[in-house]
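To keep things clear, I will list the structure first and then write my remarks on it.
The values are calculated or read from the model by the stated rules, or taken from the named source; none is laboratory data. Only a predicted model underlies this, so the values are computations on that prediction, with no experimental measurement involved. We place every Cβ from the backbone using ideal geometry, glycine too, and count neighbours over all the protein chains shown. These accessible areas exclude ligands, DNA and RNA; they are computed on the full protein's heavy atoms, side chains included. Shrake-Rupley method; radii C 1.70, N 1.55, O 1.52, S 1.80 Å.
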Amino acid sequence: MGPIRTVIEVARQTAMLQLQNRLFRLLPLAMAAAAALVFLVGMDPPNTLSGRKLFAVVSWWIVANVLLPWTTMYFGVHAVYGDVEDRTFQYLFLRPVPRWAVYLGKCLAVAGLSFAMHAFGVALVFGAGSLHPEMWSDGLEWNLFWVLISACALLSVAYATVAGFFGAWFRRPLVWSAAFIVFGQLFLANLPAKAGIRHATIADPVRRFVFDRVDLGDNLQRALWPAERNFRQELIGEPLFDLSVFVAVALALGLLAYTRSEYDSRERD
């Protein structure tokens, strides 16, 4: 089996195993709850919230900044680290397949599953908001919908890559993952623009990507970036370049650890 076929087959097997996880069955309930929140808020007259603001705020803060990071990191860590926990890595590494192909297949599966799940969540929220057409003065904003779907794709790839790195490198990857999300994404990424360290995060470049693709207006921009009260167009910069550098570094470090390390069996995290 060639390397490319190995990547595809590992991705397929990893996806099938992740689909058996109990969390995968609970996640749609959380997304349905977010959609129900949008629907119920829209039923409360008189409603001063516009449909676009309600959709964007719930999609960004609940789906993209809470559900997506935690679930992607969880699935990613278990996809890479799980083989070390249950010692099946011994059989995996003895097969005549390159380790880098195994690692890329696992990351690909996690990124694909994460995107599919959370794009579905954004669609649910959008669908719930569309049931209140009176909140959309200019009609349903499909451009905003597709931009947030694209944001889910970028976030899924980035978090899956970082999760793979933690799973390959550290002995307590879930602890590192939690610290990364809380400190790196919920704190650093939401600092004011003058804090340059926010560029070394995932959430900040993706948020700037959203700002660059759709005109949200000052009110909605402040809702998505509360710490920055005076948003200026030059703050957008090069979000895709910043994110690409971040992902490339995480992927390189993860590949280095996974292909070079001699793993011992470890206690479950």
Round to the nearest 0.05 the FRET efficiency obtained for ALA36 and ALA200 when R0 = 35 Å and r is the Cβ-Cβ distance. 0.45
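Using only alpha-carbon positions, what ratio does the radius of gyration of region 91-180 give when scaled by 2.2 N^0.38 Å?
Working it through for region 91-180, the quotient is 1.52.
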From the C-alpha coordinates alone, can you work out the Kirkwood hydrodynamic radius of the chain, in Å? 19.5 Å
For region 153-250, accessible area per residue (1.4 Å probe, heavy atoms of protein chains only), Å²: 44 Å²
Here the residues of region 1-20 lying in the modelled label zone of ARG99, meaning backbone nitrogen under 17 Å from a point 7 Å along Cα-to-Cβ, are 7
Considering the Cα positions of region 1-63, please state its Rg to one decimal place and its Dmax as a whole number of Å. 19.0, 63
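Counting Lys +1, Arg +1, Asp -1, Glu -1, what net charge surrounds ALA248 among other residues with beta carbon under 15 Å of its beta carbon?
Once positives and negatives cancel, what remains is -2.
Counting other C-beta atoms within 10 Å, and keeping those with at most 12, which DSSP coil trypsin sites (Lys or Arg not before Pro) do you find in region 156-212? Don't jump to the answer; show the numbers that get you there.
Details: sites: ARG171, LYS194, ARG198, ARG207, ARG208; in loops: ARG171, LYS194.
Those that pass, being in a loop and sparsely packed, are ARG171, LYS194.
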How much accessible area per residue does region 1-78 have, counting only protein heavy atoms and a probe of 1.4 Å, in square angstrom? 52 Å²
For a quick check, take a GNM of the chain with Cα springs below 10 Å and name the residue from HIS118, HIS132, HIS78 with the largest mean-square fluctuation. HIS132
Quantify how much of the Cα-Cα distance distribution of region 167-216 extends past 16 Å, in percent. 49 percent
Starting from 0.36 nm per residue, how many nanometres of slack lie between ASN21 and VAL245 once their C-alpha separation is accounted for? 77.5 nm
Can you run the Rg to Rh ratio on region 110-269? Use alpha carbon positions and the Kirkwood inverse-distance Rh. 1.03
Please give the net charge around LEU216, taking every other residue with its beta carbon less than 12 angstrom from that of LEU216, where Lys and Arg add +1 and Asp and Glu add -1. +2
